[in-house]
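*Asks:* Sending over a structure as structure tokens; questions will come in a sec.
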Amino acid sequence: MRLNCPYCGTRSVNEFVPLGSASPKRPTLAEPIERWIDYVYFRDNIAGEHDEYFYHAMGCRSWLIVTRNTVTHEIIGTKIAREVAA
Amino acid sequence: MKYSIFSLLSQAFQGNKGWSTAWRDAQPKDEYDVIIVGGGGHGLATAHYLAKEHGLTNVAVLEKGYIGSGNVGRNTTIIRSNYLLPGNTPFYEWSLKLWEGLEQDINFNAMVSQRGVINLFHSDAQRDAFARRGNAMRLNGVDSELLDREQVRQIAPYLDFDNARFPVKGGLLQPRGGTVRHDAVAWGYARAASQRGVDICQNCEVTGVRIENGKIIGVETTKGFIRAKKVGFAAAGNSSRVAAMAGLRLPIESHVLQAFVSEGVKPLIDTVITFGAGHFYVSQSDKGGLVFGGDIDGYNSYAQRGSMPLVEHLMEEGVAMIPMLSRLRFLRSWGGIMDMSMDGSPIIDKTPIEGLYLNAGWCYGGFKATPASGWCFAHTIARDEPHKLNAAFRLDRFATGHLIDEKGQGATPNLH
């Protein structure tokens, strides 16, 4: 599997550290405990196109959001997490 | 037909023409008392114990492919009960006890081989941690022995004891651990359950569940609607997808775990050995191939195949531990999809839906748990309450904070 880093180009997945789904959004401290339990522990665990964080540890050290098909391992797209969050 | 030395001899004289099929390949009926979704090791074991321990024989096991096509045939066949935490140790020890009596129970040769499992340690700190684990096991009545370097050398002289980076300082041995032929586990449980009247329906995929007033009434399948009083999900790897049909969201991610087998060689490794400075475990099958595995690839996957970087990493670990492995060719590799739970421990519990039960989240510890998982799940379904052995494997423990986190890793499923 090779990931397309917007800064470094297409690189082996070996250079990246996966963190899992990019979908959970961190609640604010004021939100009820149920939202926090859901954020920390529960996942949609999608079979299909999945947005997920990868850290380019052995490259530009950027956090990326990779859209990847979890059934075929096809890479659909890559974005820089910082730009998505902004 | 009961398998015995007499049936074997009698068939030998009849040219082996009289063997009957091991289990009935059933078509689903319209209605069952219990439906088990998933014809893997755990599902088939559940059906067996439902029939044997609880007298429930109007039971169907629905499998989308053929039985044994999933994780029960994709693991490295290791059994052990060397766990640390109170919620885990008695459960896995019960599993090991069931393994010890399995072949008599199901009248099937599963080649249960208690050849011992050695976890190597490579530093003084790791020795302390393993001594603690061994003591915890003994307190729970589980066998364990802390071996020093010379004792390990007597068992496994081929290890790289003086590796500059990872010298072998000793190992924690569980003598009763070992291996079991995994296909025979699926076939043996299927045959035993089938003989008691359980219907094993292959190529019958569950496509939906029907719930009325918060109570389950049956499942939609590729072979039509089947009514059921109770339904148990045992579809690890795909638990999230199956649970989603009932509107449940789980604390689970699906990940791929690879396993490997080498070319066959003469008897070489007569135990199970694990590397303590990484994650690598190896044993030798009766055919002669070395069977080994390591960590999951680290990213979510339903693909049943892994990627090359982990293959390379695993080979490096193997050679660091046993240098002669560099001279061996490996033949095959395969991947299985693991239910990686958020604390590294499984779930065997009721669900918020009446009559629906969940068996999930086995991470990569599912095979060794097969008998106890089926036994406890059958109890949970039949009595509508968990047995004390699986009482800690609750679905709501993530909300209440009663996690069972052997590695102390936190909610990071790809690191358990």
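*Asks:* Taking only pairs six or more apart or across chains, which ones have beta-carbon atoms under 7 Å, a first residue in segment A:43-69 that is at the interface with another protein chain (Cβ under 10 Å from one of its Cβ atoms), and a second residue that is aromatic (Phe, Trp, Tyr) and not in a strand (DSSP E or B)?
*Replies:* Final answer for the pair search is A:47/B:302; A:54/A:16.
*Asks:* Moving on. Which residue out of A:50, A:73, A:56 is within 14 Å of residue B:303 (Cβ to Cβ) and more than 9 Å from the chain's Cα centre (by Cα)? Before the answer, list the steps.
*Replies:* Details: A:50 fails: more than 9 Å from the chain's Cα centre (by Cα); A:56 fails: within 14 Å of residue B:303 (Cβ to Cβ).
Result: A:73 is the single residue among A:50, A:73, A:56 that is within 14 Å of residue B:303 (Cβ to Cβ) and more than 9 Å from the chain's Cα centre (by Cα).
*Asks:* Sticking with this one: Of the numbered conditions (1) farther than 25 Å from residue B:199 by Cα; (2) buried (at least 21 other Cβ atoms within 10 Å of the Cβ); (3) among the polar types (S, T, N, Q), residue B:213 fails exactly one; give the number of that condition.
*Replies:* (2)
*Asks:* Separate question: Across segment B:119-146, which residue is farthest from residue B:166 (Cα to Cα) among those that are of a type in the set (A, V, I, L, M) and touching a strand residue (DSSP E or B) at 6+ places or on another chain (Cβ under 9 Å)? Outline the logic, then answer.
*Replies:* At the first step, the residues of segment B:119-146 found to be of a type in the set (A, V, I, L, M) are B:120, B:125, B:129, B:131, B:136-137, B:139, B:142, B:146.
Still in the list and also touching a strand residue (DSSP E or B) at 6+ places or on another chain (Cβ under 9 Å): B:120, B:129, B:131, B:137, B:142, B:146.
Details: B:120: 10, B:129: 16, B:131: 19, B:137: 26, B:142: 28, B:146: 18 Å.
Looking at residues that are of a type in the set (A, V, I, L, M) and touching a strand residue (DSSP E or B) at 6+ places or on another chain (Cβ under 9 Å), I get B:142.
*Asks:* While we're here: Just to check your reading of the model, which residue among A:17, A:13 is within 9 Å of another protein chain (Cβ to nearest Cβ), of a type in the set (A, V, I, L, M), within 14 Å of the chain's Cα centre (by Cα) and surrounded by fewer than 19 Cβ atoms within 10 Å (Cβ to Cβ)? First the steps, then the outcome.
*Replies:* Details: A:13 fails: surrounded by fewer than 19 Cβ atoms within 10 Å (Cβ to Cβ).
When all the criteria are applied, what remains is A:17.
Listed here are the residues, each with its yes/no results for (1) within 14 Å of chain A (Cβ to nearest Cβ); (2) within 29 Å of residue B:289 (Cβ to Cβ).
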| position | (1), (2) |
| --- | --- |
| B:186 | no, yes |
| B:190 | no, yes |
| B:197 | no, no |
| B:204 | no, no |
| B:213 | no, no |
| B:218 | no, no |
| B:231 | no, no |
| B:245 | yes, no |
| B:251 | yes, no |
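*Asks:* Follow-up. Looking only at segment B:275-302, how many residues end up being surrounded by 21 or more Cβ atoms within 10 Å (Cβ to Cβ), touching a helix residue (DSSP H, G or I) at 6+ places or on another chain (Cβ under 9 Å) and away from every other protein chain (no Cβ under 14 Å)?
*Replies:* Adding up the residues that qualify gives 8.
*Asks:* With the condition kept exactly as written, say whether any residue in segment B:179-189 is assigned to a loop (DSSP other than H, G, I, E, B) and in contact (Cβ under 8 Å) with a residue 24 or more places away in the chain.
*Replies:* yes
*Asks:* Six or more apart or on different chains, Cβ atoms under 6 Å: show the pairs whose first residue is in segment B:301-316 and touching a residue at least 12 places away in the same chain (Cβ under 8 Å) and whose second is hydroxyl-bearing (Ser, Thr, Tyr) and in a loop (DSSP other than H, G, I, E, B).
*Replies:* Matching pairs, first to second residue: B:301/A:70; B:302/A:70.
*Asks:* Mind checking which residues of segment A:20-42 are closer than 17 Å to residue B:248 by Cα and within 10 Å of chain B (Cβ to nearest Cβ)?
*Replies:* Here is the first cut: in segment A:20-42, the residues closer than 17 Å to residue B:248 by Cα are A:24, A:34-35, A:37-42.
Once the filter is applied, which keeps residues that are closer than 17 Å to residue B:248 by Cα and within 10 Å of chain B (Cβ to nearest Cβ), segment A:20-42 yields A:34, A:37, A:38, A:39, A:40, A:41, A:42.
*Asks:* While we're here: Name every residue in segment A:70-83 that is assigned to a helix (DSSP H, G or I) and either surrounded by 19 or more Cβ atoms within 10 Å (Cβ to Cβ) or in contact (Cβ under 8 Å) with a residue 40 or more places away in the chain (or both), in order of residue number.
*Replies:* Of the residues in segment A:70-83, the ones assigned to a helix (DSSP H, G or I) are A:81-83.
If the condition is that a residue be assigned to a helix (DSSP H, G or I) and either surrounded by 19 or more Cβ atoms within 10 Å (Cβ to Cβ) or in contact (Cβ under 8 Å) with a residue 40 or more places away in the chain (or both), then A:81 is the only one that fits.
Every number here is computed from the coordinates shown, using simple stated rules; none is lab data. All of these numbers come straight from a predicted model, not from anything done at the bench. Because the Cβ atoms are built from the backbone with ideal geometry, glycine has one as well, and the counts that use them run over all protein chains shown.
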